[in-house]
Amino acid sequence: MSDHPRTAASTPTHLRIESGDVVLAADAFGDPADPAVVLFHGGGQTRHSWGSTAADLGAAGWHAITVDVRGHGDSTWSPTGDYTLDSYSSDVRAVIDHLGRPAVLIGASLGGNAALEAIGRWPELALGLVLVDVSPFLQPEGAHRIREFMMTRAEEGFASLEEVADAISLYLPHRPRPNSLEGLRRNVRERDGRLYWHWDPAMFRSDRDEAVQRDRLVDPARLGAAAESLRVPTLLVRGGASDVLSPQDAARFLKLVPHSEFAEVSGAHHMVAGDDNVAFESVLGDFLDRRVRMRLDFIAAYS
């Protein structure tokens, strides 16, 4: 991050944002008068996965908002099981409407698809776009592995945090098992003495349109059209060890969006920021300062 004269409190302001049939939970870091950056996590994560990044952005002169996407974390679950690309992108619109001004949209995996689709529908929402290990083109095996993990014991739950840690270790074998398991409580909800993942299992009953055998959340044609329409500064970040976004997938995106920039975080897997947050923040900070802040400063100077 750049050396910016402002500082930010480490304790965020909590927000509740209504969007259609859900209420989104969000945390805001930094000065609301600063340029806005909104961060959307991937499937199976929460807004807390962006916590340190958002706090650093707030300290560097950005107003950073982290959001629990619908059906995740502290956001409410859709009473009708509405977990489609339309609903997720409409939630992005609701967050920007709540802010009352455009923002840089940063999205990982599911959050990236939502942000990209939202800009395709409403280009005026965004000052810029950062896609983290996601594009309209993905590896089906990697995407399937994420879905399989999220479905693991989604209905029956777990008896203890030890069992939760076991499931996560199987999914992320490259991550060291935490010494303290208390942090895992953010990943679960307790009900009737058992622990359940914080996400709504209903999303797996609505993520495919069986009539046309199409995934409602990963729609290459629709997302590709949104990408081709992009006119804002755009950055694609890939985890060097990702099994979801291949180098060939990234190359296809860069050909489709020739003005976009690309960065690869060596050794990181699909959850790039969680695997190497220092490297991720370095790439992100450079892009924001060079492509977004300089543009805003130029506009302010000549307006």
* To do: Inspect the range 225-238 for any residue being surrounded by 13 or more Cβ atoms within 10 Å (Cβ to Cβ), touching a Ser or Thr at 6+ places or on another chain (Cβ under 8 Å), among the hydroxyl-bearing types (Ser, Thr, Tyr) and within 22 Å of residue 85 (Cβ to Cβ) and give the result as yes or no.
  => yes
* **Number of the condition not met by residue 125 [criteria: (1) touching a helix residue (DSSP H, G or I) at 6+ places or on another chain (Cβ under 7 Å); (2) under 18 Å from residue 201 (Cβ atoms)]** => (2)
* Can you spot a residue in the range 99-117 that is outside any helix (DSSP H, G or I), at pLDDT 95 or above, under 8 Å from residue 40 (Cβ atoms) and not small (Gly, Ala, Ser)? -> yes
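Does residue 205 qualify as being of a type in the set (D, E, K, R) and within 27 Å of residue 266 (Cβ to Cβ)? Step through it out loud before you land on a result.
Values: of a type in the set (D, E, K, R): yes; within 27 Å of residue 266 (Cβ to Cβ): no.
Judged against the criteria, residue 205 is not a match.
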* Is one or more of the residues making up the range 67-82 at pLDDT 95 or above, among the polar types (S, T, N, Q), within 17 Å of residue 217 (Cβ to Cβ) and within 17 Å of the chain's Cα centre (by Cα)? -> yes
* To do: Test residue 121 against the criterion of being modelled with pLDDT of 95 or more, more than 21 Å from residue 249 (Cβ to Cβ), over 17 Å from the mean Cα position of the chain (by Cα) and of a type in the set (Lys, Arg), and give yes or no.
  => yes
* **Residues of the range 142-175 classified as within 20 Å of the chain's Cα centre (by Cα) and either on the phi > 0 side of the Ramachandran plot or not in a loop (DSSP other than H, G, I, E, B) (or both), total** => 12
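Return the residues of the range 193-226 that are touching a Pro at 6+ places or on another chain (Cβ under 7 Å), farther than 19 Å from residue 91 by Cα and modelled with pLDDT of 95 or more; say none if nothing qualifies. Step through it out loud before you land on a result.
Looking only at the range 193-226, we keep the residues that are touching a Pro at 6+ places or on another chain (Cβ under 7 Å), and these are 220, 223-224.
From what's left, farther than 19 Å from residue 91 by Cα: 220, 224.
Correct list: 224 only.
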* Tell me which residues, restricted to the range 268-293, are of a type in the set (D, E, K, R), touching a strand residue (DSSP E or B) at 6+ places or on another chain (Cβ under 7 Å) and either in a helix (DSSP H, G or I) or surrounded by 21 or more Cβ atoms within 10 Å (Cβ to Cβ) (or both). => 275, 291
* Filter result (polar (S, T, N, Q) and more than 23 Å from residue 119 (Cβ to Cβ)) within the range 72-88 -> 76, 80
* **Pairs with Cβ under 6 Å, 6+ apart, first in the range 162-186 and without any contact (Cβ under 8 Å) to a residue 60 or more places away in the chain and closer than 19 Å to residue 46 by Cα, second loosely packed, with under 10 Cβ neighbours inside 10 Å and aliphatic (A, V, I, L, M)** => none
* Starting from the range 271-285, keep only residues that are touching a residue at least 40 places away in the same chain (Cβ under 8 Å) and over 15 Å from residue 130 (Cα atoms), then list their pairs with residues that are among the charged types (D, E, K, R) and surrounded by fewer than 19 Cβ atoms within 10 Å (Cβ to Cβ) whose Cβ atoms are within a distance under 9 Å, requiring at least 6 positions of separation or different chains. => 274/175; 275/175
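Condition test on residue 266, is it touching a residue at least 24 places away in the same chain (Cβ under 8 Å) and in contact with a helix residue (DSSP H, G or I) (Cβ under 8 Å, 6 or more places away or on another chain)? Quick ask: steps written out before the conclusion?
Values: touching a residue at least 24 places away in the same chain (Cβ under 8 Å): yes; in contact with a helix residue (DSSP H, G or I) (Cβ under 8 Å, 6 or more places away or on another chain): yes.
Judged against the criteria, residue 266 is a match.
Among what's in the range 91-141 and is among the acidic types (Asp, Glu) and either in contact with a His (Cβ under 6 Å, 6 or more places away or on another chain) or without any contact (Cβ under 8 Å) to a residue 60 or more places away in the chain (or both), pick the residue that is surrounded by the most Cβ atoms within 10 Å (Cβ to Cβ). Break it down into steps so the answer makes sense when it comes.
Looking only at the range 91-141, we keep the residues that are among the acidic types (Asp, Glu), and these are 91, 97, 117, 124, 133, 141.
Still in the list and also either in contact with a His (Cβ under 6 Å, 6 or more places away or on another chain) or without any contact (Cβ under 8 Å) to a residue 60 or more places away in the chain (or both): 97, 124, 133.
Details: 97: 14, 124: 7, 133: 28.
In this case the residue turns out to be 133.
The values are calculated or read from the model by the stated rules, or taken from the named source; none is laboratory data. None of these values were measured; they are calculated from a predicted model. Note: ideal-geometry Cβ built from the backbone for every residue, glycine included; neighbour counts use all protein chains shown.
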